[in-house]
Structures are given as C-alpha cells and as structure tokens.
1. How much length would be gained if the chain were fully extended between Leu275 and Glu306, taking 0.36 nm per residue of separation minus their Cα-Cα distance, in nm to one decimal?
2. Using a probe of 1.4 angstrom, how much of the accessible area of region 62-186 is carbon and sulfur, in percent?
3. Taking the chain as the reference, fit the longest principal axis to its C-alpha atoms, fit the long axis of helix 337-349 to the helix C-alpha atoms, and give the angle between the two in degrees, 0 to 90, nearest 10.
4. In region 288-343, which GluC sites (Glu not before Pro) are in a loop and have at most 14 other Cβ atoms within 10 Å, using DSSP for the loop call?
5. What ³J(HN,Hα) values, in whole Hz, does the Karplus curve 6.51 cos²θ - 1.76 cosθ + 1.60 give for region 159-176 when θ = phi - 60°, with x put for Gly and Pro?
6. How far apart, in nm, are the 7 Å Cα→Cβ label points at Asp342 and Thr103?
7. Place a label point 7 angstrom from the Cα of Ala264 along the Cα-to-Cβ direction, then list the residues of region 311-325 whose backbone nitrogen is under 18 Å away.
8. What are the ³J(HN,Hα) values, in whole Hz, obtained from phi via the Karplus relation 6.51 cos²θ - 1.76 cosθ + 1.60 with θ = phi - 60°, for each residue of region 117-122 in sequence order, with x given for Gly and Pro?
Amino acid sequence: MMTGHGPVDTPQFMPVGTQATVKALSPGDLHAAGAQMLLGNTYHLSLRPTAERIARLGGLHRFMGWEGPILTDSGGFQVFSLADLRQVDEDGVTFTSHLDGSTHRLTPERAMEIQALLGADVAMVLDQLVDPGLPGVEVEAAMERTHRWAERCLAARGRPDQAVFGIVQGGVDPELRKRSVAAVGALPFDGIAIGGLSVGESKAQMAATLAVVVEALGADPRPRYLMGVGAPPDFFTAVERGIDLFDCVLPTRVARTGQVWTDAGRLNLRNAAFLDDPGPIDPACACEACRLHSRAYIAHLFRARELLAYRLATLHNVTWTLELMRRLRASLADGTFASLRDTVAAAFARGR
Ligand SMILES: [Zn+2]
C-alpha cells in the first residue's frame with residue numbers, strides 16, 4: 001500500500017499513538033521495532049493540544065518527530081465511548097470533553113477538517129458506532145446515518161495528498177453488513193474499513209461478520225482495514241479473509257501491566273517466578289529488552305515501579321507484534337500460514 005509518507009507492507013499492524021506518542025516509546029524506538037505506520041487519535045489531539053496548534057507547528061508528523069505514514073481515526077469511536085457525555089443528531093455529535101468538561105461539536109465536515117489540519121496520510125470518515133447488541137432498528141439507523149456521513153466526509157475532503165477510508169458498519173447482522181458494504185463500497189474511497197467489531201461480540205460473531213463483509217467486497221482491490229483488532233490469534237482469522245491493516249492498543253496497554261507476548265504465549269512479569277529468571281523475555285526476539293536484559297531485571301523494574309519497565313515491555317511487545325506480522329506475510333508467500341496460525345493459537349490459548 002502506498003501513502004504520502006512511503007509504502008506500507010501488508011498485512012500490517014499500526015501501533016496506536018493516542019496523544020501523538022506511542023506510550024513509553026520514542027520515534028527511534030518505533031523505527032527499531034520495525035513500525036511502518038502509526039495511528040493517531042483525532043479525539044484526543046483535537047482537544048489537546050488542538051489540531052490548529054499542531055497545524056501551526058508543521059503538522060502531526062513534524063510535531064511528533066515521525067516521518068513515516070500516519071492514519072488518524074475520525075474521533076467517532078472515542079466520542080461514542082463517552083456514553084452519557086454525548087448527544088447524537090443527524091448533523092453530528094455534541095460531546096463533553098473528558099479533560100475539562102467543555103462542550104464540543106463533531107460533524108463529518110469537522111472530522112475531515114481536523115484530520116486535514118493534522119496532515120494524516122489516511123483519514124477516516126466519521127461513523128456512528130453502536131453496541132451490536134442493541135435492537136436491530138437502532139443498529140440499522142446508525143448504519144444508515146454512517147452512510148450519509150460517509151458521503152458528507154467525501155464532499156468535505158480537503159487535501160489531495162490524503163487518502164480517505166470509508167467504514168462499513170451494521171453490527172453482527174449479515175443483511176445489514178451486506179447493505180453497508182454495497183453503500184460504502186460504491187463510494188470513491190481509497191480504502192474500506194470494517195468498524196464495529198471487537199466491541200464485545202464473540203470471536204465466532206466476529207469471524208462470521210468478517211466472512212460476510214469480505215464476501216460482499218468480492219474482488220474490490222482497495223486496502224481493507226479491520227479497526228481495533230490486535231490479539232495475535234485474531235490477525236490470522238482476519239488475514240485469512242483478506243484483511244490488510246490492523247490497529248489496537250492491546251500490545252502497548254498490556255505491556256504497561258507487565259504482560260509480554262512471546263512465541264510461548266503471554267507471560268506476566270509480575271509473577272514471582274520471573275524474579276530469578278536470567279533468560280530474555282523471548283530468546284528469538286531481537287529487541288533491546290531481549291538483547292540486553294533478563295526477565296529477572298524487568299520483573300524487578302515492574303516491582304520497583306521504575307519507568308524503564310514500561311519502555312522495555314512496550315518495546316518488546318511492539319517489536320514482537322510487528323515481527324509476527326512480518327512472519328505472517330512471509331508465511332503467505334511460502335505456504336506456512338496454517339502452521340504459523342496454529343502455533344500462535346496454541347501459544348495464546350495458555351499463558352502464565
Ligand atoms: Zn523482545
């Protein structure tokens with residue numbers, strides 16, 4: 001996939017840089033980890049430091065010191081997560097800032113304006129996300145509004161150098177998903193995202209919904225982005241169905257709690273057993289944490305609440321996840337996809 005800041009190998013995982021930083025990592029760390037493309041959060045950045053300030057300072061790439069590709073979300077996911085703090089109408093959504101209680105308005109046009117100010121390589125449309133467990137008429141109404149907002153986002157696109165991805169919604173109802181693919185797929189987007197999954201539905205529902213969407217997309221050649229999915233076994237379920245892009249806070253969030261991902265599955269470095277373990281987190285990993293440090297040392301850092309613990313564990317999880325994507329790409333080429341899938345699934349079914 002080509003972007004305004006260079007090519008991206010697919011399938012690819014985007015580490016999440018919510019507040020113009022992937023928590024605990026510098027851009028140098030991200031390069032060392034093999035990151036190609038990052039995700040930035042419109043909601044957080046538009047409230048603080050504001051999109052206008054980032055634009056005055058040269059755009060998001062310069063602001064955060066990352067010259068690789070960046071995708072920004074539209075802010076919809078965070079705004080809809082605010083539950084009691086927002087009100088939706090046909091024109092957009094009014095919400096209360098989690099920072100200072102101030103009132104803000106997000107419309108499809110404003111979501112595109114913010115992402116143009118940030119200078120993202122890929123902008124996402126504003127969609128209306130709903131709990132897939134709501135009554136069908138509510139899921140359908142949100143989906144249809146998402147389609148109307150998709151057209152408004154395209155009409156408001158402000159930068160020729162910025163790709164815009166549409167978002168398919170429709171909960172876990174196959175008929176709604178097919179209608180959403182037909183509506184979003186008919187518009188001249190540069191890529192198609194699948195939203196509204198990994199929000200509490202079962203793994204079986206996620207796989208079934210993905211299968212419906214992918215079948216409905218058929219031979220559509222545009223990149224396909226599965227939003228918010230990042231558990232290692234899920235990558236395989238999705239890549240088998242032709243997904244190209246992923247993002248998720250999981251590898252970075254769990255790292256800060258002491259959970260590291262390895263070829264042997266999840267390890268919790270807070271467990272006392274690791275205090276005497278002289279080996280690296282993962283002997284096969286080439287990250288700084290695994291090259292220079294023992295499990296015992298990093299387990300000690302977590303117990304002492306030393307800041308380096310968060311950086312080393314995050315660096316490892318991001319490196320391991322991106323290396324898994326590289327192995328996954330290689331496995332597609334050399335026919336070992338199924339064995340890699342089964343190995344990862346078995347490793348992540350256990351853990352300690
Ligand atoms: Zn490592």
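The values are calculated or read from the model by the stated rules, or taken from the named source; none is laboratory data. As the structure is a computational prediction, the values presented were derived from the model and not from experiment. Glycine gets a Cβ as well: all are built from the backbone with ideal geometry, and neighbour counts include every protein chain shown. SASA here: full protein model, heavy atoms, side chains in, ligands and nucleic acids out. Shrake-Rupley method; radii C 1.70, N 1.55, O 1.52, S 1.80 Å.
1. Values: separation 31, 0.36 × 31 = 11.16 nm, distance 1.49 nm.
Net length gain for the segment: 9.7 nm.
2. Details: 2700 of 5160 Å².
Carbon-and-sulfur percentage of accessible area, whole number: 52.
3. That helix lies at roughly 70 degrees to the long axis.
4. On the way: sites: Glu288, Glu306, Glu323; in loops: Glu306.
Answer in residue order: Glu306.
5. 10, x, 8, 10, 6, 10, 9, x, 10, 7, 10, x, x, 10, 8, x, 5, 5
6. My value for the distance between the label points is 6.0 nm.
7. Zone members listed by number: 313, 316-317, 320-321.
8. 4, 5, x, 4, 6, 10
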